[in-house]
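The values are calculated or read from the model by the stated rules, or taken from the named source; none is laboratory data. Treat the numbers as computed from the prediction; the structure is a model and nothing was measured. Every residue, glycine among them, receives a Cβ derived from its backbone with ideal geometry; neighbour counts consider all protein chains shown. The protein model used for the area step is the full one, side chains on, heavy atoms only, and it has no ligands, DNA or RNA in it. Shrake-Rupley method; radii C 1.70, N 1.55, O 1.52, S 1.80 Å.
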Amino acid sequence: MSENYDHQKVESKWQKFWVDQKTFKADDHSKKPKHYILDMYPYPSGAGLHVGHPLGYTATDIISRKKRMEGYEVLHPMGWDAFGLPAENYAIKTQVHPDKSTRGNIETFRKQIQSIGMSYDWDREVGSCFPDYYKWTQWFFRFLYKNDLAYKKKAPVNWCESCHTVLANEQVVDGACDRCDTPVALKMLNQWFFRVKDFIEDQPGVDGLLSGLDKIDWPNSTKIGQRNWIGRSEGVDIINLKVKDMDLSFEVYDSVPQTFMAQTFTVIAPEHPWVEEMVKGTEREKEVMDCVERIKKNKASGKFDIETDMEGVFTGRYVENYCGMGRDLPIWVASFVVMDYGTGIVNCSVHDDRDFAFAKKYDIPLHVVMLPPDAEEAEQVKNLEHCYHHAPEGIMQEPVQFKGRQWGEVRQDIIDYMIENDWATPAVNYKLRDWLISRQRYWGSPIPVVYDDQEQEYIIPEDELPVHLPTDVDFVPHGESPLAKSKKYHDKSDLKRIEDKLKASGDLAQDRTIVRRESDTMDTFVCSSWYMWRFMDPHNEKEFCSKALANHWGPIDLYVGGAEHTVLHLLYARFFCKVLKKYGYINYDEPFTKLRHQGMILGENQQKMSKSKGNVINPDLIVEEYGADTLRCYEMFMGPFHQMKPWSQSSVGGIRKWLDRVWRVLQKPESEEPLPKNVLSTLHQTIKMVGEHIDEFKFNTAVSQLMILTNELTPLESLPKAVKETYILIFAPFAPHLAEEAWQQLGHKDTITFEAWPKYDAQYLVQDTVTYAVQVNGKVRGELHTSKDTPKEEAISEAKKVEKVAQYLSEGTIKKEIFVPGKIIGFVVS
């Protein structure tokens, strides 16, 4: 028997066994309680996995393996988020079709993941770029369209000139494309949207996107991120406003109605269609439109700061007789106004920092209606020396009926006053916009819509799904999807067949002709908004998922992935879930009961891994040299799961040495001699701690405790078989290959996968001994095992005798002794 663990021989043996025996295949009809554990399915890039990918996968695998041992029927699948720009850009560069490159990448990813020993049910594998999957993505579009939750409209959209496509608001970061960092410009285009806003608030039987956050176990930072992105605010709509000398009426949203009488000017978004209408034919037309174009270019540059780079121009127009006060408000174009927030028109006052700065820059009159309690500061505010913005203790001056009251408590009374005077109505506003899903690219799911000779749209019949991606395309986009120029995609016989079906159903008038398909493809986030249900029923050819299985397996009990998806995938998946609940497909309205995010693994140089930095670590090399179990245990031991941490190749070697010690411990002769009392106590503490810490995502401390137990078992000459079995069982989720081999060596014929998780005996948790970490100048140099009742002086004296500690103490003079009862003994030496 080898003294060290032969990972190459053992790991390939058990990986083959698991595949051949379908060990991890989930049973849809099991009588066990279910547990659905899901990773955010990855994009299979040409670069393959790097060591950051297995961090989350290993965590969910450890939990999946433990749950099986606890008697759960575990659904733990894997698939591929395979549509998207990277594959298309690669196709443009190399002229290799994205279907071919993506399939090759999937093969690579699958082999790499399997080589790490993940316990996925590979019979449920899906890929979003395959017709049997995107058929149901198109079905979802059709489903939303039929329920008036998908619509097309002309709107100002974010346009990436490099990617030649539209981006959703969530895909614009600091004014640039989140894919390629190209500055984003605004364009007016006809685009498809999903009505995400309809589900912000509660509906009958369905909790809204806001209130639903209160009932799910998610990181608080992620919940806050979604709430802030939705951006709910309560206020009033100021109504009956009219542009003087024009037939234009409007309303504006005001979240701070207490200071409505301070409003002295109005600002309008540069993109607002009224701007051109208001100045057309006037002497201000050129100046205003030049300013508008300049603002648009500045915003598109990606360097524009909405707070500091404010710019504007007076339109020459006024809001007439504002709130019946006999005061007209000048209308200015302002760079900081957002077109799709409220009406794209805002009234401004002295009591807002940005409004104040804009007015000062352009010498616009201001009017103070609230003063601070301090007399000296109040005089400064009156003299417009600085902005006194909304503060609870502010003293109202106007309206006169409320003079002397505090801003913080007068809100509702002023709202009632405005409503009574027919100046306003109560209103709620949101920053969240409907989801723009149109993309002018090739490698995505086609939108199942056709158009007639009058450009009227029609959803295609369900039996026409899937609408296949054509292959006769030039991948290079030219401002419209490559699908627009595909002859196969717009085949006349196909269009005629659809036309006949639409006429037969009465959806298309007899004198109309279908002339083309929709050439835009869907945002790839549509594909990932529903994939969790396809895993539940991946081979169903009649439904995206049967209701029975959707309600049996759902909701997902544990979901793990990156926090970067807070306002993208995670928000959109919740929207899909709530739609399905509303229309009776499922009986739950939140897809992910529990969510956890993994931290990033940095390179050894403490920087984010990238090819350009030359710091990418390929997991294949680690598996080859040290073994999959080493990689798994090291990534769990690196530090807290959610925190960022750097890779250390030397530490990988340390973990491998530990596994070799574990292997040698398990090869010890068997005996019936009971364990020493202190070791028995450590064993039961380890059972308890490892079990609890796996559930709590404290994998690093669980591994650390396993190491402590290994150290205590190592000096023993023999071990009872039952102790070996217990150790293997709690060790198995972390290093399943070694565990399976050791389990078999003990005479067991079946896989360890479904053995019962050990139970600890509480009577052994009370320790008679403690272990001190002995430090010299802050670094641990040894351990001292002693009775918990050992006096301080005696413990310090014994610590000085620990071999490595004594060596370091001999090199200097002890200046200070540190004693933390039961934990640390330290020496400061100079």
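For VAL526, the test of being in a helix (DSSP H, G or I), within 30 Å of the chain's Cα centre (by Cα) and surrounded by 22 or more Cβ atoms within 10 Å (Cβ to Cβ) is passed.
Contact map, the range 411-437: first residue more than 23 Å from GLY326 (Cα to Cα), second residue open to solvent by 50 Å² or more (accessible area, probe 1.4 Å) and in a strand (DSSP E or B), Cβ cut-off under 7 Å, separation 6 or more or different chains; pairs are VAL428/GLU234.
In the range 479-505, the residues that are acidic (Asp, Glu) form Cβ pairs under 6 Å with partners that are modelled with pLDDT of 95 or more, at six or more places apart or across chains, as follows: GLU499/ILE514. For the range 211-252, residues that are part of a helix (DSSP H, G or I), of a type in the set (Gly, Ala, Ser) and touching a Ser or Thr at 6+ places or on another chain (Cβ under 7 Å) total 1.
Filtering the range 761-787 to residues that are touching a His at 6+ places or on another chain (Cβ under 9 Å), surrounded by 15 or more Cβ atoms within 10 Å (Cβ to Cβ) and touching a residue at least 60 places away in the same chain (Cβ under 8 Å) leaves TYR764, THR769, THR771. Please work out if VAL473 is in a loop (DSSP other than H, G, I, E, B) and closer than 30 Å to TYR57 by Cβ. Judged against the criteria, VAL473 is not a match. Taking first residues from the range 609-621 that are without any contact (Cβ under 8 Å) to a residue 12 or more places away in the chain and partners that are part of a loop (DSSP other than H, G, I, E, B), the Cβ contacts under 9 Å between residues at least 6 apart in sequence or on separate chains come to SER610/GLY603; SER610/VAL616; LYS613/GLY603; LYS613/ASN605; LYS613/GLN607; GLY614/GLY603; GLY614/ASN605.
For GLU377, the conditions (1) out of contact with any helix residue (DSSP H, G or I) (no Cβ under 6 Å at 6 or more places or on another chain); (2) part of a loop (DSSP other than H, G, I, E, B); (3) open to solvent by less than 70 Å² (accessible area, probe 1.4 Å); (4) not hydroxyl-bearing (Ser, Thr, Tyr) are fulfilled apart from (2). Just one of the listed residues (LEU49, LEU55) is open to solvent by less than 10 Å² (accessible area, probe 1.4 Å), of a type in the set (A, V, I, L, M, F, W, C), touching a residue at least 40 places away in the same chain (Cβ under 8 Å) and outside any loop (DSSP other than H, G, I, E, B), and it is LEU55. Which of the residues spanning the range 321-351 are at pLDDT 95 or above and among the charged types (D, E, K, R)? Scanning the range 321-351 gives a single hit, ASP328. Counted as qualifying within the range 560-665 are the helices (runs of 4 or more DSSP H) with 1 or more residues that are closer than 21 Å to HIS693 by Cβ, namely 628-637. Looking only at residues of the range 356-368 that are in contact with a strand residue (DSSP E or B) (Cβ under 7 Å, 6 or more places away or on another chain) and part of a loop (DSSP other than H, G, I, E, B), we find that the one that is least open to solvent (accessible area, probe 1.4 Å) is ILE364.
Which number in (1) open to solvent by 20 Å² or more (accessible area, probe 1.4 Å); (2) of a type in the set (Ser, Thr, Tyr); (3) closer than 26 Å to TRP443 by Cα marks the one condition that THR102 misses? Among (1) open to solvent by 20 Å² or more (accessible area, probe 1.4 Å); (2) of a type in the set (Ser, Thr, Tyr); (3) closer than 26 Å to TRP443 by Cα, the lone unmet condition for THR102 is (1). Only a single item in (1) under 49 Å from the mean Cα position of the chain (by Cα); (2) free of Cβ contacts under 8 Å to residues at least 12 places away in the same chain is not met by PRO791, and it is number (1).
Looking across the range 78-115, just one residue is closer than 28 Å to PRO736 by Cα, assigned to a loop (DSSP other than H, G, I, E, B) and among the aliphatic types (A, V, I, L, M), and that is MET78. Specify the residue that is least open to solvent (accessible area, probe 1.4 Å); the eligible residues are those in the range 495-523 that are outside any loop (DSSP other than H, G, I, E, B) and acidic (Asp, Glu). Of everything passing the filter in the range 495-523, GLU499 is least open to solvent (accessible area, probe 1.4 Å).
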